[in-house]
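A.B. asks: My questions will all concern the structure given below.
The values are calculated or read from the model by the stated rules, or taken from the named source; none is laboratory data. Note that the structure is predicted; figures quoted are calculated from it, not measured. So basically every Cβ, Gly included, is an ideal-geometry build from the backbone, and we count neighbours across all protein chains shown.
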Protein chains: 2
Amino acid sequence: MTDPIRQNVSERAADSLVTILEQQINDGTLAVGQPLPPEREIMEVFAVSRTVVREAVQMLAARGLVESRPRFRPIVRKPGYEAAIETVGSSINRLLAMPGGVRSLFELRIMMEASLVRDAALHATKDHLTGMQRALADNEAMIDDSQRFYETDNAFHRILYEVPDNPALPQIHKAYTHWLSGHWLKMPRDAARNLTNYQAHSRIFESILMRDADAAETALREHLDAAWDQVRQTFGHQP
Amino acid sequence: MTDPIRQNVSERAADSLVTILEQQINDGTLAVGQPLPPEREIMEVFAVSRTVVREAVQMLAARGLVESRPRFRPIVRKPGYEAAIETVGSSINRLLAMPGGVRSLFELRIMMEASLVRDAALHATKDHLTGMQRALADNEAMIDDSQRFYETDNAFHRILYEVPDNPALPQIHKAYTHWLSGHWLKMPRDAARNLTNYQAHSRIFESILMRDADAAETALREHLDAAWDQVRQTFGHQP
DNA sequence: AAAAACAGTTTGGTATGACAAAAAAAGGCG
DNA sequence: CGCCTTTTTTTGTCATACCAAACTGTTTTT
């Protein structure tokens with residue numbers, strides 16, 4: 001059942017090195033944006049073999065603390081929500097490939113945004129409202145340009161993620177759009193469909209203006225459910 | 001018949017090997033629960049050096065496809081939501097260490113559960129309701145045993161994550177409790193506080209029974225806000 | 001016979017040295 | 001000063017070696 005006592009089986013040398021480097025990145029000894037020292041330098045500084053250094057660097061890369069391209073020196077990244085969410089990438093892609101994976105992720109998005117519109121209806125500031133108004137206007141202006149419409153569509157939803165002052169939320173939005181864009185961009189988008197979506201956005205915005213959380217949630221659910229239907233019709237099965 | 005590793009320029013050999021092994025895991029050539037072949041065997045099968053094999057295995061471990069303990073053979077894991085979420089671990093820990101990190105994560109939890117209780121109020125089946133009732137009874141019975149109370153507390157919340165039929169949600173709940181338990185368990189818990197929490201659960205349950213989504217959300221928010229206050233009072237600052 | 005102790009074999013973790021190819025740095029030239 | 005060529009680093013990969021921990025089969029003990 002619950003794992004008994006699993007404890008310090010001799011830590012690998014690479015793990016120790018990772019811990020040290022991680023700390024040096026956090027306290028700024030290794031500056032963000034700068035490349036890591038050469039492997040041979042790290043090697044002699046910490047008195048370990050290059051094998052260990054390479055494994056440690058690779059771990060840092062896997063955790064998103066450094067960005068490493070083949071043959072280039074790994075570059076220290078700013079630790080933050082962005083890097084954190086990006087490292088989830090490979091896992092998410094695997095989830096999306098599983099049966100019902102896209103559906104599950106989309107449902108999570110609906111659930112989260114349902115909460116967000118309610119929050120927006122109750123707590124959106126004047127700045128948020130004008131931002132949404134602007135995004136809505138851009139949205140309307142781009143009805144005939146499906147590519148740009150998609151961008152303004154995202155812009156509108158993004159504002160919902162900015163209303164609660166939680167630094168993780170905008171990154172989550174970015175993640176959603178990133179992982180779902182693959183399916184999204186393959187869909188046929190015409191002006192009529194764009195118009196429908198614009199009108200849905202419009203209804204959501206008006207409900208938020210009226211501070212009517214129930215109406216806002218209803219409008220959003222209808223909007224996203226319709227969007228899901230579009231996806232499903234495009235792909236025939238339940239991806 | 002050894003597939004020689006095709007090496008697109010600019011792609012590391014280890015990456016190619018990872019791709020192959022990943023596929024072998026997916027199609028069952030490498031059975032779930034079984035250990036990977038010895039490094040030296042992989043090495044000769046794919047005609048690469050052990051260095052490359054080790055880097056590939058490490059990558060698989062970082063992606064949660066295999067579970068590797070030092071000095072033991074890596075074991076193939078079932079790819080799924082559980083493994084996926086677990087791989088986020090190191091990133092989340094970094095987020096929690098950031099200023100306001102715990103607060104951000106807790107707010108996400110509140111937001112998500114707010115949506116969940118609304119959903120439960122509208123769509124909970126008889127099974128879910130009886131499950132909640134049972135969890136609630138256990139909860140009441142354990143008011144004097146803070147450790148067990150904590151467990152029944154989790155059990156109650158977990159049911160909320162089971163109402164929508166989304167396989168990712170229970171895993172998310174597990175992740176929340178796992179990452180927040182560090183702070184949670186350090187808090188002083190007495191019978192009075194447990195009683196308060198039990199009563200809050202009780203109110204939530206009753207609201208769900210009455211199919212009153214608004215009341216359920218309100219009760220849940222009060223409950224979790226109070227819980228957050230407990231955390232903040234314990235730690236003095238905003239962790 | 002089951003359990004414990006033992007010895008020999010495998011296997012992962014680490015170190016060292018080497019080399020080709022790509023990148024970075026240095027130098028030379030216009 | 002900027003562009004091109006040459007030299008020096010540096011990474012990616014390989015081969016080899018050693019040790020200690022884990023594994024396996026066998027023997028001894030209970």
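A.B. asks: Could you check the range A:133-179 and list, in sequence order, the residues that are assigned to a loop (DSSP other than H, G, I, E, B), free of Cβ contacts under 8 Å to residues at least 60 places away in the same chain and not acidic (D, E)? Explain how you work it out, then say what you get.
C.D. replies: Keep residues of the range A:133-179 that are assigned to a loop (DSSP other than H, G, I, E, B), which gives A:142-145, A:163-167.
Filter again for free of Cβ contacts under 8 Å to residues at least 60 places away in the same chain, leaving A:142-145, A:163-166.
Correct list: A:M142, A:I143, A:V163, A:P164, A:N166.
A.B. asks: Applying the selection to the range B:56-65, what residues are modelled with pLDDT of 95 or more and more than 10 Å from DNA strand C (Cβ to nearest atom)?
C.D. replies: B:A56
A.B. asks: Another one. Do the conditions hold for B:A215, that is, is it at pLDDT 90 or above and aliphatic (A, V, I, L, M)? I'd like the intermediate steps shown before the answer.
C.D. replies: Working: at pLDDT 90 or above: yes; aliphatic (A, V, I, L, M): yes.
So B:A215 passes the test.
A.B. asks: Out of (1) more than 8 Å from chain A (Cβ to nearest Cβ); (2) within 12 Å of DNA strand D (Cβ to nearest atom), what's the single condition that is false for B:E11?
C.D. replies: (1)
A.B. asks: Out of (1) assigned by TED's automatic domain parsing to the domain that holds A:W179; (2) under 27 Å from B:K78 (Cα atoms); (3) in a helix (DSSP H, G or I), what's the single condition that is false for A:L60?
C.D. replies: (1)
A.B. asks: Same structure again: Only one of (1) touching a strand residue (DSSP E or B) at 6+ places or on another chain (Cβ under 9 Å); (2) assigned to a helix (DSSP H, G or I); (3) within 9 Å of DNA strand D (Cβ to nearest atom) fails for B:F72. Which number is that?
C.D. replies: Evaluating B:F72 over (1) touching a strand residue (DSSP E or B) at 6+ places or on another chain (Cβ under 9 Å); (2) assigned to a helix (DSSP H, G or I); (3) within 9 Å of DNA strand D (Cβ to nearest atom) leaves (2) as the failure.
A.B. asks: Considering only the range A:120-160, state which residues are within 14 Å of chain B (Cβ to nearest Cβ) and either surrounded by 21 or more Cβ atoms within 10 Å (Cβ to Cβ) or farther than 18 Å from A:L220 by Cβ (or both). Even if it seems obvious, please write down each step before you answer.
C.D. replies: Within the range A:120-160, the subset within 14 Å of chain B (Cβ to nearest Cβ) is A:120-123, A:160.
Of everything in the range A:120-160, those that are within 14 Å of chain B (Cβ to nearest Cβ) and either surrounded by 21 or more Cβ atoms within 10 Å (Cβ to Cβ) or farther than 18 Å from A:L220 by Cβ (or both) turn out to be A:A120, A:A121, A:L160.
A.B. asks: Among B:M98, B:M43, which is the only one that is among the aliphatic types (A, V, I, L, M) and within 13 Å of DNA strand C (Cβ to nearest atom)?
C.D. replies: None of the others qualify; the one that does is B:M43.
A.B. asks: Here are A:E55, A:E86: which of them is under 29 Å from A:V163 (Cα atoms) and either in the same structural domain as A:Y176 (by TED's automatic domain parsing) or in a helix (DSSP H, G or I) (or both)?
C.D. replies: One residue alone meets the criteria, A:E86.
A.B. asks: Considering the range A:74-85 alone, what residues qualify as being under 18 Å from the mean Cα position of the chain (by Cα) and more than 9 Å from chain B (Cβ to nearest Cβ)?
C.D. replies: Across the range A:74-85, the qualifying residues are A:R77, A:K78, A:E82.
A.B. asks: Hey, A:V18 hits all of (1) away from DNA strand D (no atom under 12 Å from the Cβ); (2) surrounded by fewer than 17 Cβ atoms within 10 Å (Cβ to Cβ) but one; which does it fall short on?
C.D. replies: (2)
A.B. asks: Within the range B:93-118, track down each residue that is at the interface with chain A (Cβ under 8 Å from one of its Cβ atoms), modelled with pLDDT of 80 or more and crowded, with 18+ Cβ neighbours inside 10 Å.
C.D. replies: Hits for the range B:93-118 are B:S104, B:L105, B:E107, B:L108, B:M111, B:M112, B:A114, B:S115, B:L116, B:R118.
A.B. asks: On to the next question. Name the residue, out of B:R63, B:R71, that is at the interface with chain A (Cβ under 7 Å from one of its Cβ atoms) and touching a helix residue (DSSP H, G or I) at 6+ places or on another chain (Cβ under 7 Å).
C.D. replies: Only one candidate passes the filter, namely B:R63.
A.B. asks: State all residues of the range A:1-21 that are among the β-branched types (V, I, T) and modelled with pLDDT of 90 or more; if no residue qualifies, say none.
C.D. replies: Of everything in the range A:1-21, those that are among the β-branched types (V, I, T) and modelled with pLDDT of 90 or more turn out to be A:V18, A:T19, A:I20.
A.B. asks: Can you tell me which residue within the range A:29-48, out of those that are part of a loop (DSSP other than H, G, I, E, B), loosely packed, with under 12 Cβ neighbours inside 10 Å and within 13 Å of DNA strand D (Cβ to nearest atom), is modelled with the highest pLDDT?
C.D. replies: A:P38
Matching residues to (1) touching a helix residue (DSSP H, G or I) at 6+ places or on another chain (Cβ under 9 Å); (2) farther than 20 Å from B:S181 by Cα; (3) among the charged types (D, E, K, R):
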{"site": "B:L95", "(1), (2), (3)": "yes, no, no"}
{"site": "B:G101", "(1), (2), (3)": "yes, no, no"}
{"site": "B:M112", "(1), (2), (3)": "yes, no, no"}
{"site": "B:D119", "(1), (2), (3)": "yes, yes, yes"}
{"site": "B:L122", "(1), (2), (3)": "yes, yes, no"}
{"site": "B:G131", "(1), (2), (3)": "yes, yes, no"}
{"site": "B:S146", "(1), (2), (3)": "yes, no, no"}
{"site": "B:N154", "(1), (2), (3)": "yes, no, no"}
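A.B. asks: Can you tell me which of A:L116, A:L108 is more than 13 Å from the chain's Cα centre (by Cα), away from DNA strand C (no atom under 16 Å from the Cβ), outside the structural domain of A:P38 (by TED's automatic domain parsing) and under 14 Å from A:H173 (Cα atoms)?
C.D. replies: Values: A:L108 fails: more than 13 Å from the chain's Cα centre (by Cα).
Unique residue meeting the criteria: A:L116.
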